[in-house]
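Beneath this line is the structure, given in structure tokens, with notes to follow.
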Amino acid sequence: MALILRPPPTERPPGNIGAVTTSSRAAAPAAGLGLVPALLNLVRFSHTIFALPFAFAAAVLARMEVPRGAVLWWITIAMVGARSLAMALNRLIDADIDARNPRTAEREIPSGRLTATQVGWFCALSLAVLLLAVSQLPSETWVLWPIPVAAFVIYPFAKRYTWMCHIALGLTIGLAPVGAWLAVTGDLGTAPILLGLAVACWIAGFDIIYALLDLDFDRATGIHSIPARFGPARALWVTRGLHALALALLVLAGIAAGAGAVYMVGVAVCGAVLAYENTIVGPRDTTRVSVAFAQSNGLLAVVFLVFTVLEVTL
């Protein structure tokens, strides 16, 4: 029950690696109503669109029907709470790294717009929202909620120790459709696991593309990533392999769930989107990473949900 943990790409400002801008030092912490936009920006709330459609699609595939409104409502609340917690923990744990990276020095904590204490309280609130939601869903979700929360804590540390950190992120976000399936049926099977692994491969593949933006910083500071370990060209081939595997897993998940031709057409469209995403970024050209992130990934998630709903309603 997690969602995208990285923010949209931004241009790297000039300056030395590890520098913190003067404006970052001078920013005053948000207070009162000003906390709301600061916190929403902290967790990039609008980017919930990336993984929430996969959770909804899993909920639909679970019984091959659109679930009751109440179930969808509590799945949505659980996802919002989970993603907010995941993003806030990521920002809190990575505050020292973000402060040293010119590309991320203007984020809320290193810039001073939010304090670590404020973000800590927001984490507690997000966890409370998640627990409220799972308490309204099948009892199995209450028993298993510590698993995604543990993943939210572990993932930010992965990049400090292993270039497999992209897989760690993918598996964390891949819990979203698994959790939604569990919320509808109260049990698991082959289909939700395959769907979760498909999402994991999709996210891990793109996270490798995203890591190209920090290649120099990662190598200079000892942060681990596949691009830093193997170079941009090889890293992009790993992404292509992961995305091909994601499509195969989506097909297998549909077969296991009993989906038909409409669902498979949706997977084919998703394949076209992934093919486009993998052609617009090169080893020496990262200028269109933002297009791949905000447009291609958002489109893919919505397409998958739309065709899944059409599968059970037509």
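For the range 208-217, state whether one or more residues are charged (D, E, K, R), surrounded by fewer than 20 Cβ atoms within 10 Å (Cβ to Cβ) and over 20 Å from the mean Cα position of the chain (by Cα). Looking for residues that are charged (D, E, K, R), surrounded by fewer than 20 Cβ atoms within 10 Å (Cβ to Cβ) and over 20 Å from the mean Cα position of the chain (by Cα), one finds at least one in the range 208-217, hence yes. For ALA246, the test of being open to solvent by 10 Å² or more (accessible area, probe 1.4 Å), under 30 Å from LEU72 (Cβ atoms) and in a helix (DSSP H, G or I) is failed. Applying the criterion of being outside any helix (DSSP H, G or I) and open to solvent by 50 Å² or more (accessible area, probe 1.4 Å) to the residues of the range 259-290, the residue that is farthest from ALA58 (Cα to Cα) is ARG284. Just one of (1) closer than 30 Å to GLU65 by Cβ; (2) open to solvent by less than 50 Å² (accessible area, probe 1.4 Å); (3) in a helix (DSSP H, G or I) fails for LEU310. It is (2).
Within the range 164-207, the set of residues being within 12 Å of the chain's Cα centre (by Cα) and of a type in the set (Gly, Ala, Ser) comprises ALA168, GLY170, GLY174, ALA176, ALA200, ALA204, GLY205. I'd like to know if the range 43-56 contains one or more residues that are farther than 23 Å from GLN136 by Cβ, modelled with pLDDT under 90 and open to solvent by less than 20 Å² (accessible area, probe 1.4 Å). Yes, there is a match, as at least one residue in the range 43-56 is farther than 23 Å from GLN136 by Cβ, modelled with pLDDT under 90 and open to solvent by less than 20 Å² (accessible area, probe 1.4 Å). In this structure, ALA204 does satisfy being in contact with a Leu (Cβ under 8 Å, 6 or more places away or on another chain), closer than 28 Å to ARG284 by Cα, open to solvent by less than 10 Å² (accessible area, probe 1.4 Å) and modelled with pLDDT of 95 or more. All of (1) open to solvent by less than 50 Å² (accessible area, probe 1.4 Å); (2) more than 20 Å from THR172 (Cβ to Cβ); (3) at pLDDT below 95; (4) not polar (S, T, N, Q) hold for GLY298 with one exception: (2).
Among the residues of the range 153-171, what is the count of those that are open to solvent by 10 Å² or more (accessible area, probe 1.4 Å) and part of a helix (DSSP H, G or I)? So the count comes out to 7. Please determine, by comparing only the residues of the range 113-152 that are surrounded by fewer than 16 Cβ atoms within 10 Å (Cβ to Cβ), under 20 Å from LEU39 (Cα atoms) and small (Gly, Ala, Ser), which one is farthest from the chain's Cα centre (by Cα). Of everything passing the filter in the range 113-152, ALA116 is farthest from the chain's Cα centre (by Cα).
The values are calculated or read from the model by the stated rules, or taken from the named source; none is laboratory data. In this text the structure is predicted, and so the values were computed from the model without any measurement. Cβ atoms come from the backbone with ideal geometry, glycine included; neighbour counts cover every protein chain shown. Ligands, DNA and RNA are stripped out before the accessible areas are found, and what is left, the full protein with its side chains, is counted by its heavy atoms. Shrake-Rupley method; radii C 1.70, N 1.55, O 1.52, S 1.80 Å.
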